[in-house]
1. For the range 156-169, enumerate the residues that are away from ligand 2 (no atom under 16 Å from the Cβ), open to solvent by less than 40 Å² (accessible area, probe 1.4 Å) and in contact (Cβ under 8 Å) with a residue 24 or more places away in the chain.
2. For Lys111, are the conditions met, namely being touching a helix residue (DSSP H, G or I) at 6+ places or on another chain (Cβ under 9 Å), in a loop (DSSP other than H, G, I, E, B) and modelled with pLDDT under 95?
3. Give the residue that is farthest from ligand 2 (Cβ to nearest atom), with candidates limited to residues of the range 70-124 that are among the small types (Gly, Ala, Ser) and farther than 12 Å from His58 by Cα.
4. Condition (residue is within 18 Å of the chain's Cα centre (by Cα), of a type in the set (Val, Ile, Thr) and either within 15 Å of ligand 2 (Cβ to nearest atom) or surrounded by 12 or more Cβ atoms within 10 Å (Cβ to Cβ) (or both)) applied to the range 170-184: is it met by at least one residue?
5. Please determine whether any residue of the range 76-83 is among the basic types (Lys, Arg) and within 16 Å of ligand 1 (Cβ to nearest atom).
6. Can you spot a residue in the range 133-155 that is more than 14 Å from ligand 2 (Cβ to nearest atom), within 19 Å of His172 (Cβ to Cβ) and of a type in the set (Ser, Thr, Tyr)?
7. Condition (residue is within 15 Å of ligand 1 (Cβ to nearest atom), of a type in the set (Ser, Thr, Tyr) and either open to solvent by 60 Å² or more (accessible area, probe 1.4 Å) or closer than 25 Å to Ile6 by Cα (or both)) applied to the range 131-144: is it met by at least one residue?
8. Taking Glu99 and the conditions (1) surrounded by fewer than 20 Cβ atoms within 10 Å (Cβ to Cβ); (2) among the acidic types (Asp, Glu); (3) modelled with pLDDT of 95 or more, which numbered condition does it fall short on, given that it satisfies the others?
Amino acid sequence: MNKKKIIEKTKEYVKQEMLKGDSGHDWSHVLRVNNTAKMIAKKEKADLFIVELSTLFHDIADSKFTNGDETIAPRKIKDFLNSLKVDTETIEKVNYIVEHMSFKKNQPTEKSLEFKVVQDADRLDAIGAIGIARAFSFGGYKNRLMYNPEEKPNLNQTKEQYVKAEGTTINHFYEKLLLLKDLMNTETAKAIAEKRHKFMEKYLDQFYKEWNGKA
Ligand code: ADP
Ligand code: NI
């Protein structure tokens, strides 16, 4: 099977799998990350096939929705790609990227260019206008308050606290979203992140003004 066909088949499979998720972690997120990653990969001259497969699989069987079971995703990826006769080296590369992507995972010391591109694309989707929408959508799903002026952000969260996500959605901006621009790997993503970051700052400014009846 050629690469194009493999990507097509993977899209169909992941789409079905993602229909089970919440609104911030859905198929449209995967498609956006896939498109952004392709754009970055071309500019940074990364391997498009590895990048595409990794973005398509990156949120499959997310441990937030599987009671913390982190073995389901790598197994699904391996079984599916094996069934399409994808070579073992490619499967290993994709699985490595998917496993190490998350914000709270210990970061690998050696990141391949493909890893950097996929991680940047996923992080870009967590900031800017879409990032804001996703954060409030996730907050609603978890029944979190939008904002509580008495509750300060917790900048030293443990993995357990982060996964529990008990804070307000506005605090999530300080605990994660506003930190992402400085974590971008590639120059291409840094430039995009800069713009999206400024937009979030403007948004927060207006949010507080309206909250206090000053706008
Ligand atoms: P990652 O895949 O990088 O680990 P997550 O799965 O933690 O990202 O988050 C998925 C989406 O939900 C992101 O847009 C993120 O900003 C949002 N999100 C995660 N935790 C919270 C939270 N506590 N409050 C609001 N939004 C959240
Ligand atoms: Ni994602």
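The values are calculated or read from the model by the stated rules, or taken from the named source; none is laboratory data. Fair warning: this is a prediction, and the values are worked out from it, not measured in the lab. Every residue, glycine among them, receives a Cβ derived from its backbone with ideal geometry; neighbour counts consider all protein chains shown. The area values use the complete protein model at the heavy-atom level, side chains included, leaving out ligands, DNA and RNA. Shrake-Rupley method; radii C 1.70, N 1.55, O 1.52, S 1.80 Å.
1. Those that are away from ligand 2 (no atom under 16 Å from the Cβ), open to solvent by less than 40 Å² (accessible area, probe 1.4 Å) and in contact (Cβ under 8 Å) with a residue 24 or more places away in the chain: Thr168, Thr169.
2. Values: touching a helix residue (DSSP H, G or I) at 6+ places or on another chain (Cβ under 9 Å): yes; in a loop (DSSP other than H, G, I, E, B): yes; modelled with pLDDT under 95: yes.
Yes, satisfied.
3. First, the residues of the range 70-124 that are among the small types (Gly, Ala, Ser): 73, 83, 102, 112, 121.
The next check asks that each one be farther than 12 Å from His58 by Cα; those that pass are 83, 112.
Values: Ser83: 24, Ser112: 18 Å.
Out of the qualifying residues, it is Ser83.
4. First, pick out the residues of the range 170-184 that are within 18 Å of the chain's Cα centre (by Cα): 172-184.
Narrowing further to those that are of a type in the set (Val, Ile, Thr): none.
No - not one qualifying residue is present in the range 170-184.
5. Within the range 76-83, the first condition is being among the basic types (Lys, Arg), and the residues that meet it are 76, 78.
Now restrict to residues that are within 16 Å of ligand 1 (Cβ to nearest atom): none.
Scanning the range 76-83 turns up no residue that is among the basic types (Lys, Arg) and within 16 Å of ligand 1 (Cβ to nearest atom).
6. Checking the range 133-155: at least one residue is more than 14 Å from ligand 2 (Cβ to nearest atom), within 19 Å of His172 (Cβ to Cβ) and of a type in the set (Ser, Thr, Tyr).
7. yes
8. So Glu99 meets the others, but not (3).
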